[in-house]
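Chemist: What follows is a structure written as structure tokens; I'll ask about it next.
Nothing in this text is a laboratory measurement; each read-out follows from the coordinates by a stated rule. Not measured: the values here are computed from a predicted model. Virtual Cβ from ideal backbone geometry, glycine too; neighbours counted across all protein chains shown.
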Amino acid sequence: MSVVKKDVNFIKKYIEDEIKVIRERDPAIHSKWEVFLYSSFWAVLSYRLAHVFYEKKHFFLARLISQIARNRTGIEIHPGAKIGKGFFIDHGSGVVVGETTIIGNNVTLYQGVTLGGTGKEKGKRHPTLKDNVMVSVGAKVLGSFTIGENTKIGAGSVVLNEIPANCTVVGVPGKIVKYHNREIPRETMDQVHLPDPIQDDINNLKHADSEITNELLTLKDNIRELKSELRKIKGEEK
Ligand SMILES: CC(C)(COP(=O)(O)OP(=O)(O)OC[C@H]1O[C@@H](n2cnc3c(N)ncnc32)[C@H](O)[C@@H]1OP(=O)(O)O)[C@@H](O)C(=O)NCCC(=O)NCCS
């Protein structure tokens, strides 16, 4: 009896949390009952159940639940994916979350998002999304790399590389256009070679490194010259 009560409480808590998440993130919701009409609600509930079976190695049952949910909601979440709390998929249709995807807390996806592999990797093939990441409508994040906390991926972007925390990424391939809510300077920007602050940092470090190396070489030359001068002076004294 207490097990049933525990399960009922768990489901009640789950539904309450889902209502809170959906009300927080979708301004279009008017009453808490509408939550039951959301694809995200059913897809995530099915995923949580399927994941339990996946963890217990009941792979067929896990995939069966996931495929039924996919056919009903248009959202395909592989039961092997690891997803944190507060996960919300707005509108839903056409969303794919791959088997080795890892999603932190409070992540939001919109319709048409793929968190997939490139087909070239084995083992961990899908991305890791840290807390509070938002992936906008139609964006594709492909490969085994990490998207840092609070980063926003713009609509229609295709992200193929690691992105640090607190960035806005747009375009194909995805490039960082904002970092810590600060716009990346545009004066020198052309539409082909979009700004890349990480590459800029690397280039600055390379430049600083070559300057230090040159100064070191000059110092070595000076020391060599001083030593030879000193030897000459000592020779003259003898
Ligand atoms: C990326 C996004 C979240 C905006 O983030 P932000 O940090 O506020 O960034 P900004 O709006 O200041 O845009 C920064 C730059 O990127 C550009 N940009 C924004 N989104 C873009 C996109 N999807 N593709 C290409 N460029 C984009 C902006 O034009 C701006 O360029 P500018 O500085 O030359 O004017 C937003 O543009 C977006 O894509 N939202 C979609 C949300 C969604 O999926 N809604 C579906 C509801 S059904």
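Chemist: Please give the FRET efficiency for Thr213 paired with Glu236, using the beta carbon to beta carbon distance and R0 = 35 Å, rounded to the nearest 0.05.
Modeler: The value I calculate is 0.50.
Chemist: Using a Gaussian network model of the chain with C-alpha springs under 10 Å, which one of Leu142, Leu205, Leu109 is most mobile by mean-square fluctuation?
Modeler: The residue that fluctuates most here is Leu205.
Chemist: Can you show me the helix-derived [θ] at 222 nm for the chain, built from DSSP H runs with n ≥ 4 at -39,500 (n - 2.57) apiece and divided by the number of residues, rounded to the nearest 500.
Modeler: Helices in the chain give a 222 nm mean residue ellipticity of -14500 deg cm²/dmol.
Chemist: By how many degrees, between 0 and 90 and to the nearest 10, does the Cα long axis of helix 197-237 differ from the longest principal axis of the chain?
Modeler: Roughly 20 degrees between the two axes.
Chemist: Among the lysines, which fall within straight-line cross-link reach of Lys122, defined as a Cα-Cα distance under 18 Å, with same-chain neighbours fewer than 8 residues apart omitted?
Modeler: Correct list for Lys122: Lys82.
Chemist: I would also like to ask the following. In terms of the Cα gyration tensor, with a ≥ b ≥ c the square roots of its eigenvalues, is the range 196-238 rounded because a/c is under 1.5, prolate because a/b exceeds b/c, or oblate?
Modeler: It comes out prolate by the Cα gyration axes.
Chemist: Please list the equivalent ellipsoid semi-axes of the chain, computed as the square roots of five times the alpha-carbon gyration tensor eigenvalues, in descending order and whole angstrom.
Modeler: Output for the chain: semi-axes of 54, 21, 17 Å.
Chemist: Hey, another quick one. What whole number of Å gives the distance from the Cα centroid of the range 128-146 to the Cα centroid of the range 215-238?
Modeler: Cα centroid to Cα centroid, the span is 60 Å.
Chemist: Taking only C-alpha pairs under 8 Å that are 6+ residues apart, what is the relative contact order of the chain in percent?
Modeler: Across the chain, relative contact order equals 9 percent.
Chemist: Which whole-angstrom value gives the distance between the alpha carbon centres of the range 86-106 and the range 1-39?
Modeler: Spelled out, the Cα-based centre of one part sits 17 Å from the other.
Chemist: Any of Lys32/Lys56; Lys13/Lys178; Lys175/Lys206 with alpha carbons more than 27 Å apart? Name them for me.
Modeler: Pairs exceeding 27 Å: Lys32/Lys56; Lys13/Lys178.
Chemist: How high is the FRET efficiency from Phe10 to Arg72, r the C-beta distance, R0 30 Å, rounded to 0.05?
Modeler: 0.85
Chemist: A further question follows. In what order do Ser157, Ser93 fall by count of nearby beta-carbon atoms within 10 Å, going from fewest to most?
Modeler: Lowest count first: Ser93, Ser157.
Chemist: Here's a follow-up. Hey, in the GNM for the chain with a 10 angstrom Cα cutoff, which one of Arg23, Arg63, Arg224 fluctuates hardest?
Modeler: Checking each option, the largest mean-square fluctuation is seen for Arg224.
Chemist: Quick one: plug the Kirkwood hydrodynamic radius of the range 45-169 (C-alpha pairs) into Stokes-Einstein at 37 °C, 0.692 mPa s, and report D in µm²/s.
Modeler: Rounded to a whole number, D works out at 231 µm²/s.
Chemist: For Lys82, Lys227, which order do you get if you count the other beta carbons within 10 Å of each Cβ and list the fewest first?
Modeler: By the 10 Å Cβ count, ascending, the order reads Lys227, Lys82.
Chemist: Note the full-extension length gain between Asp201 and His180 as 0.36 nm times their separation in residues minus their Cα-Cα distance, in nm to one decimal.
Modeler: Extending this stretch completely gives an extra 6.0 nm.
Chemist: Among all the aspartates and glutamates, which ones have a C-alpha under 17 Å from Lys57's C-alpha, if same-chain residues fewer than 8 places away are not counted?
Modeler: Reachable aspartates and glutamates: Glu99.
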